[in-house]
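Have a look at the structure below before the remarks.
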Amino acid sequence: MNLSSLDLTVFACYVVGLIALAWWVSREKSGHQKNTADYFLATRSLPWWAIGASLIAANISAEQIIGMAGSGYQIGLAIASYEWLAAVTLLLVGKFFLPIFLQKNIYTMPQFLEQRYDHRVRQVMAIFWLGVYVFVNLTAVLWLGALALNTMTGLSIEWSMLCLALFSVVYSLHGGLKAVALTDALQVVLLVAGGLMLSWLALDLIGQGAGVWAGFQRLQHQLPEKFDMILAADHPHYMDLPGLSVVLGGMWVMHLSYWGFNQYIIQRALAAKDLAEAQKGIAFAAGLKVLMPLIVVLPGIAAVLLVPELSRPDQAYPSMMTLMPEGLKGLIFAAIVAAVVSSLASMCNSVATIFTMDLYAVKRPDRSQSHYVAVGRWVSVLALVLAMFTAKPLLGQFQQAFQYIQEFTGFFTPGIVVLFLLGMFWQRTTANAGLVAALGSALFSLLLKLYWPELPFIDRVGLVFVLCLLSAIVVSLVQGKGAAANAIALNEVQFHSNTAFNLQALCILLIIAALYFTWW
């Protein structure tokens, strides 16, 4: 895809504007030095719109845009279940999880685990998450982002990764979470505007002059199989989205882990000034998630009619961009780059937070606040460097890097969800039981993958969750009540949510129910 001088000008304006905005919001009052609360939690003062926008910007990266569009091209609207069920999960997180986390006044998820269980659990999970974020998430975002840049500009994979890493460092390293979250509002506007324009123009082309709605009707008429939300057992992609199991089984486990207990996601809500502000941000993010299939899935379905001869599904989104006029192509290109650098910045900040607060500060508690901030900055840079050098060896052989992420994290996700859910809502859960669930998850997943390979991935996640849950309950009961320390007093947690959050949640749930009813 060739970018014109107008496209490059649009993109350059975006780069300069983002860096300027990030440095402007990162400025400090004269004489004030950034402390850990400033750098890692934005002084616990993020407004709801920044929380919601940052949640979406951290989530949507190259693997989301290009991968979901590719799945839309190959499978159809059924892949939208990832987005719509994520919206429901966000509401559950806002209603039931955030009140507990904010009451604990924590920086990180491992810190919560120490308060609920013991130091062993905190240390094990901190090291685990650092490994996953650097060698799975960061590498995948860098690799897929570089592939997108390579497809659209011809720039080599290596130089593309370097440019993306430098861009994310320049705009986010100085200001920390505050710079990331407040600039994410701009990133999300760009993502939504660019994605909607691409969908609009694609449908208009399909409509052949009769308008966007006519294009959408023609798309449904010519490709009815692409608009089934629940796949039948004989569908060629049933193993990816196994029918009713999607809405009733393992996908909920994956979403609870990602949206409820994932540091680089939940860190935005931890930075809210209070629970009400955090819940408003969560509801805003849930509303945007309902909109996401229109932005990332619909262009992939439209590509079946507009560019039917693709060698790989992941080419759907870049190929659709070639159909766009000058200027708009540059805007959509900027939106994809925005998605990549926002996710990189978010992950690096979370890696820095976990390493500094859960490992380094615990060993060296007598250092100054500015020292911890400096350590966090150096860790962010080191994480990016490691990801750049390991991305190609780890991901070069995978045709779909998104599958690499899902497959690896799916081994551990069920145990993590059990670890947190029982820790929050069952007072008799012991630290040993939590560790059995977390570590047993990998063992159960490996055994099922080896000896029951025909079991769909999502069903495997659900089954492993049940096995981990039973294991943790048995260990807790064997150890007895005396072994369960630091239980959460749920009667002291403020689960009440205000009327605005409740109404927003109700509207979102009704919209999702209507969407499933329409395309069941």
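Just a few scattered comments:
- Residue match in region 176-187 (condition: farther than 30 Å from Ser245 by Cα, touching a strand residue (DSSP E or B) at 6+ places or on another chain (Cβ under 6 Å), crowded, with 19+ Cβ neighbours inside 10 Å and touching a residue at least 60 places away in the same chain (Cβ under 8 Å)): yes
- Conditions (1) assigned to a helix (DSSP H, G or I); (2) open to solvent by 10 Å² or more (accessible area, probe 1.4 Å); (3) closer than 23 Å to Lys104 by Cβ: number failed by Arg428: (1)
- Residues that are open to solvent by less than 10 Å² (accessible area, probe 1.4 Å) and within 30 Å of the chain's Cα centre (by Cα) within region 204-219 comprise just one, Leu219.
- In the set (1) open to solvent by 40 Å² or more (accessible area, probe 1.4 Å); (2) at pLDDT 90 or above, the condition left unmet by Thr413 is number (1).
- Filtered by the rule that a residue be touching a Gly at 6+ places or on another chain (Cβ under 8 Å) and crowded, with 23+ Cβ neighbours inside 10 Å, region 113-129 gives Leu113, Arg116, Tyr117.
- Helices (runs of 4 or more DSSP H) completely within region 230-349 that count 1 or more residues being among the charged types (D, E, K, R), under 30 Å from Pro99 (Cα atoms) and open to solvent by less than 10 Å² (accessible area, probe 1.4 Å): 263-270, 275-296
- Scanning region 220-229 for residues that are in contact (Cβ under 8 Å) with a residue 24 or more places away in the chain and open to solvent by 30 Å² or more (accessible area, probe 1.4 Å) gives Gln222, Glu225, Asp228.
- For region 350-365, filtering for residues that are charged (D, E, K, R) and not in a helix (DSSP H, G or I) leaves 1.
- Residue within region 156-178 that is of a type in the set (Ser, Thr, Tyr), at pLDDT 85 or above, farther than 25 Å from Asn59 by Cβ and more than 19 Å from the chain's Cα centre (by Cα) present: yes
- Within the set Gly415, Gly410, Gly423, Gly462, the sole residue that is part of a helix (DSSP H, G or I), touching a Lys or Arg at 6+ places or on another chain (Cβ under 6 Å), touching a residue at least 40 places away in the same chain (Cβ under 8 Å) and small (Gly, Ala, Ser) turns out to be Gly423.
- Pairs with Cβ under 9 Å, 6+ apart, first in region 275-297 and closer than 13 Å to Ile60 by Cβ and touching a residue at least 12 places away in the same chain (Cβ under 8 Å), second in a loop (DSSP other than H, G, I, E, B) and open to solvent by less than 10 Å² (accessible area, probe 1.4 Å): Met292/Ile60; Ile295/Ile60; Val296/Ile60; Val297/Gly76
- Close pairs (6 angstrom Cβ cut-off, 6 or more residues apart or separate chains): touching a residue at least 24 places away in the same chain (Cβ under 8 Å) in region 352-381, open to solvent by 50 Å² or more (accessible area, probe 1.4 Å) and not acidic (Asp, Glu) anywhere: Ser370/Gln33; Val379/Phe355
- Filter pass, Ile458 being over 30 Å from His235 (Cβ atoms), surrounded by 13 or more Cβ atoms within 10 Å (Cβ to Cβ) and under 32 Å from the mean Cα position of the chain (by Cα): no
- Considering Gln103, Gln74, Gln64, the condition of being polar (S, T, N, Q), farther than 30 Å from Ala334 by Cα and either out of contact with any Pro (no Cβ under 7 Å at 6 or more places or on another chain) or open to solvent by 10 Å² or more (accessible area, probe 1.4 Å) (or both) is satisfied by Gln103 alone.
The values are calculated or read from the model by the stated rules, or taken from the named source; none is laboratory data. This one's a predicted model, so the numbers in the text were calculated from it and none came from an experiment. Using ideal geometry, Cβ is built from the backbone for each residue, glycine included, and neighbour counts are taken over all protein chains shown. Note: accessible area is taken over every heavy atom of the protein model, side chains too, but ligands, DNA and RNA are not part of it. Shrake-Rupley method; radii C 1.70, N 1.55, O 1.52, S 1.80 Å.
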